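First the structure, in the form of structure tokens, and then the observations on it.
The values are calculated or read from the model by the stated rules, or taken from the named source; none is laboratory data. In this text, all values refer to a predicted model and were calculated from it rather than measured experimentally. Please note: Cβ atoms are built from the backbone with ideal geometry, for glycine as well, and neighbour counts cover all protein chains shown. Remember, those area values only see protein heavy atoms, side chains included, never the ligands or the DNA or RNA. Shrake-Rupley method; radii C 1.70, N 1.55, O 1.52, S 1.80 Å.
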Amino acid sequence: SIATIAGDRLTEKGFGRKPLFLFGLITLPLRCALIIYWKDAGDAFLLSTQVFDGLGGGFFGLIHPYLVADITFGTGRFNLVMGLTASCFGLGATLSNYIGQTVVEKLGHVASLSGSLVLSFIPVILFACFMPETMGKRGNIANKATEEKGKSYTNMEMA
């Protein structure tokens, strides 16, 4: 709920969707690094890293539908893309648990968390480099697609 309130207030102040979603993504490597660093510090420190899990999940849950709505606006594919991305989230969570547990059994907790730390930078880098800001662009993609269809229909009629 803290992430929802913070996300709402930041959006009102003009923050885009990309930095808010990126913040949610950054919480995972930060959490892994703190768990590795605090592995011998006691349960209170390790428990405090769960705050990052809640913040990341809150920002994902808050911003994800807006990103999908911005990208799919006017295409009639909102539910399809939401279903596909939710399936990917579920598959990623399942594989992460399975692979993480396998690494823990064979190499230990620190090795598993180190692997998660390294792998968690991949979506952060990909999202930061290749995902455009979508706030305020809703409808632009659909308008361009409609214009292209109109041009192709006009060209077909002329031929």
Per 10 Å bin, what percent of the C-alpha pairs of segment 37-119 does each bin hold, from zero upward? 15, 33, 30, 16, 6, 0
Kindly rank 100-109, 32-41 from highest to lowest mean number of other beta carbons found within 10 Å of each residue. 32-41, 100-109
Rolling a 1.4 Å sphere over the protein heavy atoms, what is the accessible area per residue of segment 48-137, to the nearest Å²? 63
Taking a label point 7 Å from the Cα of CYS88 along Cα-to-Cβ, the residues of segment 50-64 whose backbone nitrogen sits under 18 Å from it are 57, 59-64
With all protein chains present, how much of the accessible area of segment 3-50 (probe radius 1.4 Å) comes from carbon and sulfur, to the nearest whole percent? 65
Taking 0.36 nm per residue of separation between ASP53 and LEU80 and subtracting their Cα-Cα distance, the length gained on full extension comes to 7.0 nm
Once R0 is set to 22 Å, what does the formula 1/(1 + (r/R0)^6) return for the Cβ-Cβ distance between LEU46 and LEU126, expressed as a FRET efficiency to the nearest 0.05? 0.15
Seen from all sides and averaged, what is the projected area of the convex hull of the Cα atoms in segment 3-43, in nm²? 3.6
Starting at 0 and stepping by 5 Å, how many percent of the alpha carbon pairs of segment 1-78 end up in each bin? 3, 16, 21, 18, 14, 12, 7, 4, 2, 1, 0
